Amino acid sequence: MRMHRISVYMLCSGLALGQPALAASANILENGSFESPALADGVAASVTPTAWQWVGSPGFVINPASGSIPAFDGAQFVDLGNTSAFSLRQDFSIAVGGSYDLTWHDNAAASFQEAPYTVVVSGTPAGTRYDANEGIDGTWNARTLRLDLGPGIHSIVFSPADIPGPLPAQDRFIDQVSLVASVPLPAAVWLFGAALGGLGLVRRRLG
């Protein structure tokens, strides 16, 4: 009887705590690590990443050679270029409106010059201007934005920004772009409480 109660407890706890994690883990965006199309090692090609589109001049997909800046996730990353002529866009569908977390990583080609860009979601700037050269050269910077999105078709656009002066900005590198549903803590707590309530009911019936 004791083993039965423990099994029920584990099942209820798993449902309460595991379900939100599963719901939050699905990336709504496609090819967020730019692994498709696959390139040979050491190749930078002006190709369009699967599920994305270039707006204006096409940038590059890079499979870095040994000794150069490695991809943050997988083998490849995307190069937005060094002027505002390059923008990268993906359209996506939201079935259920609510809060969503947009995450990605950026990097730059060198450490002596800015590499600014903006992120725009469905026509509205989603946060401030970012500098892909913010960290130490070769180190990927983690970025996060929380968005409130309604149901329907949306778009995300990475757009380089020009800088004043005689020198162009550095190339901006982007990798591991993800958009997932946010799961607020109260929802997880409510589910866990419901599971404990179910456990109490089972105990009364078994008793």
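Taking every alpha-carbon pair within the range 27-183, the share separated by more than 20 Å comes to 47 percent.
The label-point distance for Thr128 and Ser57, in a model that sets each label 7 Å from Cα toward Cβ, rounds to 2.8 nm. Shown for Phe34, Phe92, Phe158, Phe60: other C-beta atoms within 10 Å of each C-beta, ranked fewest to most, produce the order Phe92, Phe60, Phe158, Phe34.
No value in this document is a laboratory result; all are computed from the given coordinates. Everything numeric here is computed off the predicted structure, so don't read it as measured data. For neighbour counting, all protein chains shown are included, and Cβ atoms are generated from backbone atoms with ideal geometry for every residue, glycine included.
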